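A.B. asks: Following this message is one structure expressed as structure tokens.
FYI, it's all coordinate maths here, none of it is from the lab. On a predicted model such as this, the values are computed, not experimentally measured, just so you know. Cβ sites come from the backbone with ideal geometry, for glycine too, and all protein chains shown count toward neighbours.
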Amino acid sequence: MLTIGISKKPKNSSENLDPLLHSNKQIQLSKTNLPRSPVILQPPTNLGRRRTSFHNHWKKKETWPPLKYNEQQSRIEALNTGLSQSVTVESLIHEEYDVIESPKYFKEAKYHGHYDEKFFRSTLTDTIKAATLLEILQGFSEFSTTNNILFWISHGTLLGWYWNQKILPWDEDIDLQVPYQHLKMLVSFNQTYFNSSITKKSYWIDVNPFGKYRFHQKQNVIDARFIDVETGLYIDITALSKSSNSTTLSCKSPHQYAYEDIFPVQETVMEKEIKVWRPNNVLQVLKNEYGEVSMVRNRYFTYEFVNNVWRKISAPLWNSQRKLNKFQKFDI
């Protein structure tokens with residue numbers, strides 16, 4: 001056994017190992033000299049008014065009005081364009097492969113997350129980034145319609161749609177899901193460019209070769225990407241599938257879904273004009289992933305939802321009316 005930085009004293013050494021812990025006077029402990037009651041530590045009294053107020057504030061339990069599912073579901077259904085599409089449960093069953101350790105396939109630009117390494121040039125301002133993400137979504141919507149590939153918005157993109165049919169201003173990418181058999185359809189377009197007639201831009205289609213392994217892979221939860229070659233911004237695409245003996249659908253993160261919460265997917269729009277699809281039961285999907293509070297709370301870090309728009313505020317105020325809030329279980 002290798003010991004570093006420690007030198008042991010001989011057992012018969014008269015020196016104390018630590019003068020702070022040992023004394024020449026031996027102390028005999030007995031029941032008579034043990035404390036009769038536990039010592040109660042009192043908090044310091046000199047914290048100051050500001051710090052005391054801060055601690056007292058966080059002791060307050062925040063309450064939010066209950067989510068009215070009927071009203072919310074009616075509002076969501078009003079956004080549908082009328083079409084719906086589904087796939088069979090049997091078609092979602094994936095093949096079984098031996099478990100292997102796979103290296104990370106998709107690489108992001110170093111020190112600049114959410115830009116693909118191959119096409120990254122420089123970081124974009126928030127305004128240009130938001131506009132570019134919408135163009136990428138428009139391009140993928142055109143691509144999927146042309147090639148009969150079914151997709152639906154998910155994760156943070158779905159939450160943004162729930163609030164105002166827009167991308168959340170703090171979101172760095174777009175999240176889409178596809179049925180497993182449609183992921184296999186994407187393989188025929190792997191490592192090719194798609195030239196959009198709408199956005200007049202080119203996009204690189206990249207499918208993860210480890211996508212066929214459907215167990216949880218921390219380094220390879222993303223199955224495919226649709227990448228803007230000018231900026232390196234992208235859409236993350238994950239497939240939903242199930243094993244032959246499973247009753248739920250899942251991706252590789254792994255998020256679990258009931259079949260009826262996803263299908264039939266409903267056609268809707270983002271930003272009033274981009275055709276997309278959304279899960280059948282949006283409220284249940286968001287509740288399972290982010291918690292019900294994510295659909296009620298109108299404050300996230302330094303953003304506040306006012307007049308149907310997420311607006312950046314100058315500085316959060318630490319009081320019960322306007323305090324810095326965070327969605328429970330929120331992770332996009």
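A.B. asks: If you take the alpha carbon radius of gyration of region 58-182 and divide it by 2.2 N^0.38 Å, what ratio comes out, to two decimals?
C.D. replies: 1.38
A.B. asks: How much length is gained if the chain between residue 269 and residue 104 is pulled fully straight, taking 0.36 nm per residue apart and subtracting their Cα-Cα distance, in nm to one decimal? The partial results should precede the final answer.
C.D. replies: Working: separation 165, 0.36 × 165 = 59.40 nm, distance 3.32 nm.
That pair, residue 269 and residue 104, stretches by 56.1 nm at full extension.
A.B. asks: Of 118/275; 118/312; 166/275, which sit over 21 Å apart, Cα to Cα?
C.D. replies: Going by Cα-Cα distance, 118/275; 118/312 fall outside the 21 Å limit.
A.B. asks: As a footprinting exposure proxy, order 270, 295 by other Cβ within 10 Å, with the fewest listed first. Let's see the in-between values first.
C.D. replies: Details: 270 22, 295 19.
Least crowded to most crowded, the residues run 295, 270.
A.B. asks: While we're on this one: May I ask you to evaluate 6.51 cos²θ - 1.76 cosθ + 1.60, the Karplus curve with θ = phi - 60°, for each residue of region 132-144 and list the ³J(HN,Hα) values in order in whole Hz, giving x for glycine and proline?
C.D. replies: Per residue, the Karplus-derived 3J(HN,Hα) values read 5, 4, 5, 5, 5, 5, 5, x, 5, 4, 5, 4, 5 Hz.
A.B. asks: Hey, rough spin-label estimate for residue 296 and residue 91, points 7 angstrom out along Cα→Cβ, what's it come to in nanometres?
C.D. replies: Placing both labels 7 Å beyond Cα along the Cβ direction yields 3.8 nm.
A.B. asks: Pull out a ≥ b ≥ c, the square roots of the eigenvalues of the alpha-carbon gyration tensor of region 83-281, then state rounded if a/c is under 1.5, prolate if not and a/b is larger than b/c, and oblate in the remaining case.
C.D. replies: It is oblate, given that a/c is not under 1.5 and a/b is not larger than b/c.
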